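All remarks here apply to the structure that follows.
The values are calculated or read from the model by the stated rules, or taken from the named source; none is laboratory data. Quantities reported herein were computed from a predicted structural model and do not represent experimental measurements. Glycine also receives a Cβ, built like all others from the backbone with ideal geometry; neighbour counts cover every protein chain displayed. SASA here: full protein model, heavy atoms, side chains in, ligands and nucleic acids out. Shrake-Rupley method; radii C 1.70, N 1.55, O 1.52, S 1.80 Å.
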Amino acid sequence: MPDAFASVYPDSEIWNRDFTFEHGKFYRIDASSGGGKSSLCSFIYGLRHDYSGSILIGDKNIKSLDGEQLSAIRTLNIAYLPQDLALFLELTAEQNIQIKNSLTKHKTQQQIAEMAQLLGVDSFMHRKVSTLSIGQQQRVAIIRSLCQPFDFILLDEPVSHLDSDNNRAVSQLVINESTANGAAIISTSVGNNLMIDNHIIVKL
């Protein structure tokens, strides 16, 4: 893994270390605010390359991939929920989800409706995202992130604005989808954590 933060966080289990995220396992990345959680996600997803060291997806180095190869990995191998959610505020919740699903064709309308109902946003699907609370937006973004196949799902503080009931619903949905894909969950947190048993805590 990259050593961009190694001198600042010498006790990290990731910076300036060899570390492997394995399929089918659930990882919780613990760090203080400003500890590099979002940076780690951006590095893995190929959004940033300002680090030394290598990040490999299989035998492919993220830094060496061209745009088409990186797009394929993001469509088929790595799902991502950024901390800022990256929703289009002028579009409805449903339109935000369909932008992703229209590219992947991964979920049926019925499956999306079931996820929306499970997370309690079914009655908000036709509202503009700008009118939704941050917690509602977070749940919409979770659904969007699951509208693709994946080997790894990166979730950057995915339940930071959710109460325990909504956290539980999101956690169960993420577990179910990840288990169905045989995928690893890589979730960051500064306190409000996904409710996942048997997770591996990694100190960032």
> What translational D, rounded to a whole number of µm²/s, comes out for region 1-124 from Stokes-Einstein when the hydrodynamic radius is the Kirkwood one over Cα pairs, at 20 °C and 1.002 mPa s?
Replying inline: 127
>> I need the Debye-formula profile for region 122-168: one equal scatterer per C-alpha, no solvent, reported as log10 I(q)/I(0) at q = 0.30, 0.31 1/Å, two decimals.
In response: -1.21, -1.23
> What's the tally of Lys pairs in the chain whose alpha-carbon atoms lie under 27 angstrom apart, where the two lysines are 8 or more places apart or on different chains?
Replying inline: 19
> Simple spin-label model, 7 Å along Cα-to-Cβ: residue 203 to residue 17 in nm?
Replying inline: 0.8
> Leaving out ligands, DNA and RNA but keeping every protein chain, what accessible area does residue 65 have, in Å² rounded to the nearest 10, with a 1.4 Å probe?
Replying inline: 30
> Just from its helices, what would the mean residue ellipticity at 222 nm be for the chain, if runs of 4 or more DSSP H residues each count -39500 (n - 2.57) and the sum is divided by every residue, rounded to the nearest 500 deg cm²/dmol?
Replying inline: -11000 deg cm²/dmol
> Once the mean 1/r over all distinct Cα pairs of region 80-204 is inverted, what Kirkwood radius in angstroms do you read off?
Replying inline: 14.5
> Each residue of region 182-198 in order: what ³J(HN,Hα) in whole Hz does its phi give by Karplus 6.51 cos²θ - 1.76 cosθ + 1.60, θ = phi - 60°, with x for Gly and Pro?
Replying inline: x, 9, 8, 9, 10, 10, 9, 7, 10, x, 7, 9, 4, 8, 10, 7, 6
> With contacts defined as alpha carbon pairs under 8 Å and 6 or more residues apart, what's the relative contact order of the chain in percent?
Replying inline: 33
> Under a Cβ-Cβ cut-off of 13 Å, what is the net charge of the residues other than residue 87 that fall near it, where Lys and Arg count +1 and Asp and Glu count -1?
Replying inline: +2
>> Using a 1.4 Å probe on the protein heavy atoms, what percent of the accessible area of the chain belongs to carbon and sulfur?
In response: 49
> For residue 134 and residue 75 in one chain, what is 0.36 nm times their gap in residues minus the Cα-Cα distance, to one decimal in nm?
Replying inline: 18.7 nm
> Between region 155-204 and region 123-146, what's the alpha-carbon centroid distance in Å?
Replying inline: 18
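Give me Rg/Rg_expected for region 52-151, where Rg uses Cα atoms only and Rg_expected = 2.2 N^0.38 Å with N residues.
Values: Rg = 15.1 Å, N = 100, 2.2 N^0.38 = 12.7 Å.
It is 1.19.
Taking all pairs of different Cα atoms in region 100-152, averaging 1/r and flipping that mean, what Kirkwood radius in angstroms comes out? If you can, show how the numbers build up before the last one.
On the way: mean 1/r = 0.0866 Å⁻¹.
Here the Kirkwood hydrodynamic radius works out to 11.5 Å.
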